[in-house]
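The values are calculated or read from the model by the stated rules, or taken from the named source; none is laboratory data. This structure is a prediction, so every number in the text was calculated from the model and none was measured. Counting neighbours? That spans all protein chains shown, and the Cβs are built from the backbone with ideal geometry, glycine included. The accessibility values were calculated without ligands, DNA or RNA, using every heavy atom of the protein model including side chains. Shrake-Rupley method; radii C 1.70, N 1.55, O 1.52, S 1.80 Å.
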Amino acid sequence: QAKLAGKNRYYLFDAEQDRNMRSHHESLEHISEALKADQFVLYYQPKVNMRTGKVLGVEALIRWQHPEQGLLAPAHFLPVIEDHPLAVNVGNWVLDTALQQIRNWQQQGVSLLVSVNICARQLQQPDFVHLLERLLQSYPDISAELLELEILETSTLGDLAQISNTLEACRALGVSISLDDFGTGYSSLTYLKRLPTNVIKIDQSFIRDILQDSEDLAILDGVLSLAGAFGRKVIAEGVETLQHGDTLLRIGCDIAQGYGIAKPMPAANILTWVATWQPEPHWADLRRLSRE
Ligand code: C2E
Ligand code: MG
Ligand code: MG
Ligand code: MG
């Protein structure tokens, strides 16, 4: 009887695995159809210098305008495609759409830096740089300096020498590079040292508790020194409240992105936001306290 139960269990497990595989396959198909049906949209979230009040740019964040389920966040569909060639197709759509948007804003008189998230699979394509170059050439009226690539630190980047060459070649085109979610991977310091990046984005998990957690504050302080020594700019992600802004300014981190500044919004809202945003009046006076 025990044997039978075991057999049954095995059978059930198999059936479930089969169902999972089938639903994975269906999800892939749905995403592929969504791309063809033009159901993806980019939202944009501002990055600002809290001290000077300057808007430095916006990050493009993909959403799926699902006909039945409404607006879906990337966590609902990007994991499905991350190990599939479809990730490259979606990535190319994002790059092209972001460049169109840069041109659109430029035609309205505003040059805005747009950061685009790039997954490891895209970056590992042997012809990625060539593809990027061709794409930039198809927008001759916009400067490559208005495009930034955010490379996810946690992604398994593979051969670092090769990725480093790829990033160097992107920079030679004029595109800047940002290291996303810094501190969450196993190789943060190696990536900092070996990858030619302009900016590091401190992951929101280190920012969330800085108001009460002195250890997170110490990490932040250390990362700021380290980034300075490597000539990298630092941006704090996940700045949820104005008090977070106060603390960041006091520790010498002026550049921020987060719900406390602005949530991601449709492209159509960005120029009004940029024209009307004002930093907290007292932010201009907050300076880094001296480190003893
Ligand atoms: P990310 O690149 O680190 O983007 C920041 C994420 O944090 C965004 O989530 C953003 O909406 C959210 N966020 C911003 N400010 C705050 C805050 O103050 N508090 C909290 N709790 N969250 C905040 P989103 O849009 O859901 O994107 C999640 C991740 O999906 C992104 O993390 C990025 O890794 C990936 N992703 C988004 N768009 C794309 C894309 O076009 N291509 C690729 N390859 N990945 C993308
Ligand atoms: Mg990002
Ligand atoms: Mg991030
Ligand atoms: Mg993230």
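Every condition in (1) open to solvent by less than 70 Å² (accessible area, probe 1.4 Å); (2) assigned to a helix (DSSP H, G or I) holds for residue 117 except the one numbered (2).
Restricting the range 152-169 to residues that are within 17 Å of the chain's Cα centre (by Cα) and away from ligand 3 (no atom under 16 Å from the Cβ) leaves a set whose member that is nearest to residue 199 (Cα to Cα) is 167.
Among what's in the range 91-114 and is open to solvent by less than 30 Å² (accessible area, probe 1.4 Å) and in contact with a Phe, Trp or Tyr (Cβ under 7 Å, 6 or more places away or on another chain), pick the residue that is farthest from residue 165 (Cα to Cα). Once the filter is applied, the top-ranked residue is 112.
When the range 198-207 is filtered for residues that are within 16 Å of ligand 4 (Cβ to nearest atom) and either closer than 19 Å to residue 167 by Cβ or in contact with a helix residue (DSSP H, G or I) (Cβ under 8 Å, 6 or more places away or on another chain) (or both), the ones remaining, listed by number, are 199, 200, 201, 202, 206, 207.
Residue count for the range 211-230 under the criterion of being within 16 Å of ligand 3 (Cβ to nearest atom) and touching a residue at least 40 places away in the same chain (Cβ under 8 Å): the result is 1. The requirement of being touching a residue at least 40 places away in the same chain (Cβ under 8 Å) and either under 23 Å from residue 105 (Cβ atoms) or within 16 Å of ligand 3 (Cβ to nearest atom) (or both) is fulfilled somewhere in the range 184-195, by at least one residue. If you take the residues of the range 115-149 that are closer than 16 Å to residue 59 by Cα and more than 16 Å from ligand 4 (Cβ to nearest atom), which of them is nearest to the chain's Cα centre (by Cα)? Ranking the qualifying residues of the range 115-149, first place goes to 147. Only residues that are open to solvent by 20 Å² or more (accessible area, probe 1.4 Å) and within 19 Å of the chain's Cα centre (by Cα) were counted in the range 238-253, giving 1.
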